[in-house]
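Data first, discussion second: the structure below is written as structure tokens.
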Amino acid sequence: MQSRAVDLFMNGSGAEIELLLGSGDVQSALDRSSYLDVITETDRTALETVITSRIALAAEVERFDDEMARLRSMQAAEQALLDSEARFRSFAESASDFYWEMDAELRFSYFSSRFREVTGIP
């Protein structure tokens, strides 16, 4: 039969666990536990394992949150680029003249739709 401290960490949640895990240090959490006077060495080992697992999980959640923030930032930057390209395309297509692009070998690679209207060349 496991002690109340082990049961708390295995099944509990809330403020008491947060208080015990506050430092992120297994020994500090164990030292702050009011249940240590009634647990066996086996329970203490189990409690250390549970605390260590919860600390590792909290660190993993923090890394996940950081990665999600980085991905949201990249997504926002990509959307800003797409919006900027759309604004430029709209501006360029509404121009009274035509424009073109040339490749690295200075060959024409693109003519705007106004090219045909302005020059009459298909």
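Residue by residue, what Karplus-based ³J(HN,Hα) values in Hz, rounded to whole numbers, does the stretch 46-57 have, using 6.51, -1.76 and 1.60 with θ = phi - 60° and x for Gly and Pro?
Values per residue, Gly and Pro as x: 5, 5, 4, 5, 5, 4, 4, 5, 5, 5, 5, 5 Hz.
What is the gain in length, in nm to one decimal, between residue 118 and residue 101 on full extension, counting 0.36 nm per residue of separation less the C-alpha to C-alpha distance? Spell out each step's value before the answer.
Numbers: separation 17, 0.36 × 17 = 6.12 nm, distance 1.66 nm.
So the chain would gain 4.5 nm between residue 118 and residue 101.
Take 68, 102 and sort them by solvent-accessible surface of the protein heavy atoms, 1.4 Å probe, largest at the top.
102, 68
Gain in length, residue 49 to residue 74, computed as 0.36 nm per residue apart minus the alpha-carbon separation, to one decimal in nm?
5.3 nm
Below 8 Å between Cα atoms, with a sequence gap of 6+, how large is the relative contact order for the stretch 57-122 in percent?
After rounding, I find 19 percent.
Loop-only check: which trypsin sites (Lys or Arg not before Pro) in the stretch 62-122 are DSSP coil with at most 13 other Cβ within 10 angstrom?
107
Within the accessible area of the stretch 68-122, what % is carbon and sulfur when the probe is 1.4 Å and the other protein chains stay in place?
Values: 2840 of 4770 Å².
The value for the stretch 68-122 is 59 percent carbon and sulfur by accessible area.
In square angstrom, rounded to the nearest 10, how much accessible surface does residue 101 have for a 1.4 Å probe?
Approximately 100 Å² of residue 101 is accessible to the 1.4 Å probe.
With θ taken as phi - 60° and the coefficients 6.51, -1.76 and 1.60, list the Karplus ³J(HN,Hα) couplings across the stretch 62-73 in order, rounded to whole Hz; mark glycine and proline as x.
5, 4, 4, 4, 4, 5, 5, 5, 5, 5, 5, 5
The values are calculated or read from the model by the stated rules, or taken from the named source; none is laboratory data. Predicted model only: the values in this text are computed from it and were never measured. We place every Cβ from the backbone using ideal geometry, glycine too, and count neighbours over all the protein chains shown. Ligands, DNA and RNA are excluded from the accessible area calculation, which covers all protein heavy atoms including side chains. Shrake-Rupley method; radii C 1.70, N 1.55, O 1.52, S 1.80 Å.
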